[in-house]
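Comments concern the structure below.
The values are calculated or read from the model by the stated rules, or taken from the named source; none is laboratory data. On a predicted model such as this, the values are computed, not experimentally measured, just so you know. Heads up, the Cβs are rebuilt from the backbone with ideal geometry, glycines too, and the neighbour counts pull from every protein chain shown.
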Amino acid sequence: MLKSSTGWRKQTPERAYFSDLAANAPIGNHGRAEIRKLLNRIRPVLRTNTTQMLLLNILFDATYDQDWQKGSQPIVWLSNEALARQLNISVNATRAALRSLTDMGIISHHDSANCRRSGQRDRSGRIVHAHGISLALLEARFDELTAKADRLDLENHRRRILRNDITSLRRDIMAALDMSKETLPARRWQSFAKRLDHLRTFLGKIGRASVEHLERMHRDFERLWKALNALVMGDLDKKTDTKASSDGHLLEPTTHPKTVSCNDKRSCAYAQHSGFEADSACGAEKMALENEPERIVKPEQAENPAKSGRRIDLRTVLTACPIISELSAEPPRNWRELDAYAAELRPMLGVSAHAWAEMRQVAGQGLASLALAITAQKQADGEVSSPGGYLRGMARKAADGELHLEKSLHGLLARKLAARASQPGAELFL
């Protein structure tokens, strides 16, 4: 502990360093508004508590714009009693909060001979003389604190991505386990279920996990998903898998929407083969498609096509949307049959031919059929009152690249699995 020159305030090497830094702060490099933005970002960086942050905001609000201009100093001369009244705490608690902010290097003290705070401003609002609490360290450490806040923002962004990916992987594994319970050998199935339970236990509270822990858990969940998916995909019907591959029914990003035109002979032939002639409004749909102006594809979009996403098993769709099996005479056995049934389902839901044509033009036939199945199930569950309006909303999201059918499908699947688990005698693998 260094001896204070005044005998009133105790000094430490850190406080002495911060005092020198505040005395040489380049006041005027950043305006008061920029300092305010920094102030709103540094709480998670410095890990200040509520009282300390409120005190810092009170001190900052006591400064003027002129205090942050070149040639001035942002000094506040409010007494501890005045600060305590605004904070609604005791004077001793106020002193403790001031000491903590001083040790953090956020404030410093510009003391008079007797350590009393005082100050005076001229008519323009500029400080003539002042002794009190200096906020010049916010300017002196502006670049340092901004860099720390940026790193923390990147870390939080990475943490959010890992949380979402882990949640998606967990749902995929749960759905695959539920569908493969009767096809996989009992011991093999129980082995995967135990590994899932172990990973969930080791994961703990995902909201408080560090980035390093989340990255390790993401790798473990991904390895488990790949191993389980390899077995499930190997057990699928080869015919169904071949047709799904030829039709290209993948969940794809909608950043670059597909263009569909009935002038394309292959599209018309596929539509006829899919059974769209069964729809009485098929002619109107074709006319709507032909009358729709073709979407202009920019050269950069043509050079950088959207990458395909994760394949969605048809059984997952039928499990999440049981209304399809209930309404159809025979459940679809492959994606081509689901596309054909979508033409029959559309008028049953009251969706206009124009809305259906718009969805197919923006998202493509495969995603449009999947979107219609999700819409039908949500209407059956009472979540959607206007299927046509809901489908048009999906089309707008697809045009903006914000349509994520995988999340909607996972949400429906989770609710169906939860309802099945609540039935008496149901076996759980969770």
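One line per residue, one yes/no per condition, for (1) crowded, with 16+ Cβ neighbours inside 10 Å; (2) out of contact with any helix residue (DSSP H, G or I) (no Cβ under 9 Å at 6 or more places or on another chain); (3) charged (D, E, K, R); (4) not in a helix (DSSP H, G or I):
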| site | (1), (2), (3), (4) |
| --- | --- |
| K194 | no, yes, yes, no |
| T201 | no, yes, no, no |
| L214 | yes, no, no, no |
| F221 | yes, no, no, no |
| W225 | yes, no, no, no |
| V232 | yes, no, no, no |
* Asked: Given A355, A340, A373, which one is within 24 Å of R170 (Cβ to Cβ), over 25 Å from the mean Cα position of the chain (by Cα) and in a helix (DSSP H, G or I)?
  -> A373
* What is the number of the single condition among (1) in contact with a Pro (Cβ under 9 Å, 6 or more places away or on another chain); (2) not assigned by TED's automatic domain parsing to the domain that holds D61 that K226 does not meet? -> (1)
* Asked: Scanning for something surrounded by fewer than 19 Cβ atoms within 10 Å (Cβ to Cβ), modelled with pLDDT of 90 or more and either of a type in the set (V, I, T) or more than 41 Å from the chain's Cα centre (by Cα) (or both), does region 94-109 turn up at least one residue?
  -> no
* Asked: Only one of A113, A175, A136 is of a type in the set (G, A, S) and at pLDDT 85 or above; which?
  -> A136
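This table checks each residue for (1) out of contact with any Lys or Arg (no Cβ under 6 Å at 6 or more places or on another chain); (2) hydroxyl-bearing (S, T, Y); (3) closer than 25 Å to L417 by Cβ.
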| residue | (1), (2), (3) |
| --- | --- |
| T316 | yes, yes, yes |
| I324 | yes, no, yes |
| L327 | yes, no, yes |
| N334 | no, no, yes |
| H354 | yes, no, no |
| L367 | yes, no, yes |
| E383 | yes, no, yes |
| R396 | yes, no, no |
* Please name all residue pairs, on different chains or six or more residues apart, with Cβ atoms under 9 Å, provided the first residue is in region 329-354 and is of a type in the set (S, T, Y) and buried (at least 22 other Cβ atoms within 10 Å of the Cβ) and the second residue is modelled with pLDDT of 85 or more and not in a helix (DSSP H, G or I). => Y341/P332
* Scan of region 371-401 for residues that are out of contact with any Ser or Thr (no Cβ under 7 Å at 6 or more places or on another chain) and either farther than 20 Å from S325 by Cα or touching a residue at least 60 places away in the same chain (Cβ under 8 Å) (or both), ordered by number -> S385, S386, G389, R392, G393, M394, A395, R396, K397, A399, D400
* Any residue in region 1-19 that's closer than 24 Å to L138 by Cα: show its pairings with residues that are modelled with pLDDT under 60 and among the small types (G, A, S) at Cβ separation under 9 Å, as long as the two are six or more apart or on different chains. => K10/S4; Q11/S4; Q11/S5
* Within region 99-123, tally of residues that are within 20 Å of Q66 (Cα to Cα) and either assigned to a strand (DSSP E or B) or out of contact with any helix residue (DSSP H, G or I) (no Cβ under 7 Å at 6 or more places or on another chain) (or both) -> 10
* **Single condition D165 does not satisfy, out of (1) of a type outside the set (V, I, T); (2) closer than 21 Å to L413 by Cα; (3) at pLDDT below 85** => (3)
* Asked: Does E182 satisfy the criteria of being out of contact with any Gly (no Cβ under 9 Å at 6 or more places or on another chain) and either assigned to a helix (DSSP H, G or I) or without any contact (Cβ under 8 Å) to a residue 24 or more places away in the chain (or both)?
  -> yes
